[in-house]
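Written below as structure tokens is the structure these notes are about.
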Amino acid sequence: MLKVYNTASAKKEVFKPIQAGKVTMYVCGPTVYNYIHVGNARSSIAFDTIRRYLTYRGYQVNFVSNFTDVDDKIINRAQEEGVSEKEIADKYIKAFYADTKPLNILPATTRTKATDVIDDIIAFIADLIDKGYAYESSGDVYFRVRKAKNYTALVHESLDDLETGASGRLDDGALALKEDPLDFALWKNEPRDVIKWQSPWGQGRPGWHIECSVMSTKYLGDTIDIHGGGIDLVFPHHTDEIAQSEAHTGKTFVHYWLHNGFVNVNNEKMSKSLGNFTTVHDLLASYDDPQVIRYFMSATHYRRPINYSAEELDRSKVELDRIRQAYQRLTHASKTAGADAEITDNLAVIEKNFVTAMDDDFNVANALSAVFELVKLANSYADSGQAKRDSADAILAILSQLMGVFGIDLQANAPRPLPDNVSQLLAARKQARIDKDWVASDRLRDQIHALGYLVKDLPDGQHTEKA
């Protein structure tokens, strides 16, 4: 029975989708004014892993995410570079796809942009005004927070505390436009010669929060199963989404709110001011194995913070290599026809343990314990010299399937053909061992090592890997 931690209730709840066998899921995407950073990647990977597990459990997942392609940061970047806002957005949308593909992040069922739904945004805001939830002020449109039902349900703070914080963030000019310091912008008057649209309230552009409400209801319906994003989005973004969405539809907006933890860099919170801001674009350029990055991000529980460092990546590489090597060893082990009932029983237990772990709010640490039990089984079966083909294939299939939940494609890491000189030395060493010429065997092993390869003597023969 799958349980998920719902930020709204601050506890784990049994997951019951609106429609049996189907899941509607919305996850906030990036603002496209720069390359995505490792924090963006963490969120994308966390919810991709959750999506993959839901699919593994048999659900049909309708996954929608967005690009915020109209924003002050985009406008500022466009002015700095002397190009249009669309050129900036298109450049970094293209970069997003280029940077997430090596991380094996599945494409969204629907990936849309704020500028694709401007007419829908205007209609949504007009409805909120008609219902008395919003008001126009000098070309801006604001949402009346105190009219919303249970505005603090997600953030678990009082309105008074939120008002104190809001007042401190606003200057006198901004406060003068609002009926209440807590009210937030749905539409922004835009007098400058920048990206903007005509609306009933004059020329302007949407506020940040409105686009996600519009996209979610447009593509998934008035009420959805799961809404995800970083923990930093709980307030104000997701809090405001709930208020405006439920005012518009009169229905519950989201049943389960899931939020991923921050990324720290060398035990410090990642930030531009600290100079530890790392883009995925740069990380991929400097690290030659994107699947290690994917594994590193997937192997920590989505609600926990991740501490990014070169040492942590190295530890992840060691773990992933253990899994890959077990897969390859069993793939190439000698096998005879048939199956082992004991292996079938062991696989059933391991799969059950994996599901039990992941059903507990996607507990990847315990799920990986099950994976490493499978790795141990694969290695011992390969070493036995008595592997049966059907059972070996079953181990490989399940190992591939379970790692697929983490976004790891084990078949994508099949060893490249060895250089001819290494192959020739291995053949000579094999013959030396047949002849029991141990001196020659050791000499050839050292020559192979000097060429950058390690040789391991296992019951099923020589195994070679990069040093």
State whether the residues of segment 359-376 include one that is open to solvent by 30 Å² or more (accessible area, probe 1.4 Å), closer than 30 Å to I448 by Cα and at pLDDT below 95. no
Report whether or not V355 is within 25 Å of G407 (Cβ to Cβ), free of Cβ contacts under 8 Å to residues at least 12 places away in the same chain and within 23 Å of the chain's Cα centre (by Cα). no
Mind listing just one residue for me: the one in segment 25-61 that is free of Cβ contacts under 8 Å to residues at least 40 places away in the same chain and not in a helix (DSSP H, G or I) and, of those, least open to solvent (accessible area, probe 1.4 Å)? G58
From the list K11, K16, K22, K3, which one is in contact with a Lys or Arg (Cβ under 6 Å, 6 or more places away or on another chain), surrounded by fewer than 20 Cβ atoms within 10 Å (Cβ to Cβ) and either within 19 Å of I293 (Cα to Cα) or of a type outside the set (G, A, S) (or both)? K3
Can you name the residue in segment 316-325 that is open to solvent by 20 Å² or more (accessible area, probe 1.4 Å) and either more than 16 Å from T300 (Cβ to Cβ) or at pLDDT 95 or above (or both) and, of all such residues, is farthest from the chain's Cα centre (by Cα)? Q325
Being open to solvent by 30 Å² or more (accessible area, probe 1.4 Å), assigned to a loop (DSSP other than H, G, I, E, B) and farther than 29 Å from S213 by Cβ, is that true of even one residue in segment 255-267? yes
Which members of segment 326-358 meet the condition of being closer than 25 Å to V4 by Cβ, crowded, with 18+ Cβ neighbours inside 10 Å and of a type outside the set (V, I, T)? F354, A357, M358
In segment 378-395, what count of residues is obtained for those that are hydrophobic (A, V, I, L, M, F, W, C), in a helix (DSSP H, G or I) and open to solvent by less than 20 Å² (accessible area, probe 1.4 Å)? 4
Scan segment 130-154 for residues that are surrounded by 19 or more Cβ atoms within 10 Å (Cβ to Cβ) and outside any loop (DSSP other than H, G, I, E, B) and report the count. 6
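For residues in segment 62-107 being in a loop (DSSP other than H, G, I, E, B) and over 22 Å from the mean Cα position of the chain (by Cα), which is farthest from P30 (Cα to Cα)?
Top of the filtered list is G82.
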Please work out which residue is modelled with the lowest pLDDT, limiting yourself to segment 159-199 and to residues that are part of a loop (DSSP other than H, G, I, E, B) and of a type in the set (A, V, I, L, M, F, W, C). L170
Condition met for T112 (in contact (Cβ under 8 Å) with a residue 40 or more places away in the chain, of a type in the set (S, T, N, Q) and surrounded by 20 or more Cβ atoms within 10 Å (Cβ to Cβ)): no
Applying the selection to segment 315-367, what residues are of a type in the set (A, V, I, L, M) and part of a loop (DSSP other than H, G, I, E, B)? A333, A337, A339
Within segment 287-315, restricting to residues that are among the small types (G, A, S) and more than 23 Å from D360 (Cα to Cα), the one that is least open to solvent (accessible area, probe 1.4 Å) is S309
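The values are calculated or read from the model by the stated rules, or taken from the named source; none is laboratory data. Since the model is a prediction, treat every value here as computed from it, not as a measurement. Ideal geometry is used to build each Cβ from the backbone, glycine not excepted, and the neighbour counts take in all protein chains shown. In case anyone asks, the SASA skips ligands and DNA or RNA and just uses the protein heavy atoms, side chains included. Shrake-Rupley method; radii C 1.70, N 1.55, O 1.52, S 1.80 Å.
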